[in-house]
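The values are calculated or read from the model by the stated rules, or taken from the named source; none is laboratory data. Nothing here was measured: the structure is a model prediction, and the numbers come from that model. No Cβ is skipped: glycine too gets one built from the backbone with ideal geometry, and neighbour counts run over all protein chains shown.
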Amino acid sequence: MREKFENTGNKDTRSGFGAGLLEAGRKNPEIVALCADLTGSLKMDAFAAEFPQRFIQCGIAEANMIGTAAGLAVTGKVPYVGSFAGFVTGRVYDQVRQTVAYSDTNVKICASHAGITLGEDGATHQIMEDIGLMRMLPNLTVINPCDYNQTKAAAIAIADLHGPVYLRFGRPSVPNFTPADQKFEIGKAVKLIEGSDVTIFATGHLVWEAITAAGLLEKEGISAEVINIHTIKPLDTKAVIESVARTGAAVTAEEHLIAGGMGELISGLLARELPSPLEFVAVDDLFGQSGDPAELMKLYKLDAQHIVLAAKKAISRK
């Protein structure tokens, strides 16, 4: 019998970040926040109101914001920089590479509106290659939590990790089902459902879809293990290997391109350590388009039904 998960109400993960930033700021007076003219969208307004002397509105100047944050980190501050994922990765990749990753500065890059669920804003804003860009950089930790509670916990936890972090979250309201009092362990995958026939590794918004898929598979007599890979780098390799060694097949599910994503990372690990059937649920070499977020998830085959199909295909290849 699979675990039962209660959705306590749909909430957007960017609000989880805002709540976590405020709580972290109350605990650590060295935390400062910088934003690129998107304070409301990033839900950083509560921090700005409570700590106006520790908040810097950088305006539409993301490259300058990254450089400023790196300078603050050198002085001992813990800067959280906030913008849309497309703007704070692709637009400023050189600054992130040189002044944050290469210099190993203690900057927390906090990115909202990631993935296809940005919806109506369309392809120019729907970055789906950001995880690949960030995980390729040495020294950078990459985190992609699944709901409001986990995003809040992650935003608090990264303050205690010395070094650069990329924290990814989104705009749409999604099921909030993880514990409110959880301890977020960076680099430690979370097994949500134990299974024996196939493992579903999911991250971000796709975790709830994976849970839903496991329920659908159970009705057909298929036992699916579901593991939440909230930290993509460093990957919990032990959890991946142990699970696939038991189930013999796997699916990866993410709101990202196949290229550079979590799936490719896990496939590389399995190729080296434990060759096994693996199927990808991700966007295959396409840009996004304007539309309703839920409809786009179905159009780009990022829903529970397509995870079910991928799981059956992976099992058939054993």
Take the residues in region 205-233 that are out of contact with any helix residue (DSSP H, G or I) (no Cβ under 8 Å at 6 or more places or on another chain) and charged (D, E, K, R); name whichever of them is farthest from Ser173 (Cα to Cα).
Glu220
Can you find a residue that is assigned by TED's automatic domain parsing to the domain that holds Glu129 and at positive phi anywhere in region 84-103?
no
Of all residues being outside any helix (DSSP H, G or I) and β-branched (Val, Ile, Thr) in region 53-96, which is farthest from Val165 (Cα to Cα)? Just the residue, please.
Ile60
Condition check for Thr212: under 30 Å from Ala314 (Cβ atoms) and either buried (at least 24 other Cβ atoms within 10 Å of the Cβ) or touching a strand residue (DSSP E or B) at 6+ places or on another chain (Cβ under 6 Å) (or both):
no
Name every residue in region 1-23 that is part of a helix (DSSP H, G or I), more than 19 Å from the chain's Cα centre (by Cα) and touching a residue at least 60 places away in the same chain (Cβ under 8 Å), in order of residue number.
Glu23
On the given criteria, is Thr199 in contact with a helix residue (DSSP H, G or I) (Cβ under 6 Å, 6 or more places away or on another chain) and assigned to a strand (DSSP E or B)?
yes
Pairs needed: first member in region 208-227, in a loop (DSSP other than H, G, I, E, B); second member anywhere, surrounded by fewer than 24 Cβ atoms within 10 Å (Cβ to Cβ); C-beta distance under 6 Å; at least 6 residues apart or different chains.
Ile222/Asp197; Ser223/Gly195; Ser223/Ser196; Ser223/Asp197
Does any residue of region 269-279 turn out to be of a type in the set (S, T, N, Q) and either free of Cβ contacts under 8 Å to residues at least 24 places away in the same chain or not in a helix (DSSP H, G or I) (or both)?
yes
For region 31-40, state whether one or more residues are modelled with pLDDT of 95 or more, over 29 Å from Ile116 (Cα atoms), of a type outside the set (Ser, Thr, Tyr) and assigned to a loop (DSSP other than H, G, I, E, B).
no
Sole miss for His205 among (1) in contact (Cβ under 8 Å) with a residue 60 or more places away in the chain; (2) touching a His at 6+ places or on another chain (Cβ under 9 Å) is condition (2)
Given Pro234, Pro277, which one is surrounded by fewer than 15 Cβ atoms within 10 Å (Cβ to Cβ) and modelled with pLDDT of 95 or more?
Pro234
Out of Thr117, Thr99, Thr124, Thr151, which single residue is modelled with pLDDT under 95, part of a helix (DSSP H, G or I) and β-branched (Val, Ile, Thr)?
Thr117
Could you figure out which of (1) outside any helix (DSSP H, G or I); (2) surrounded by fewer than 19 Cβ atoms within 10 Å (Cβ to Cβ) isn't true of Ala245?
(1)
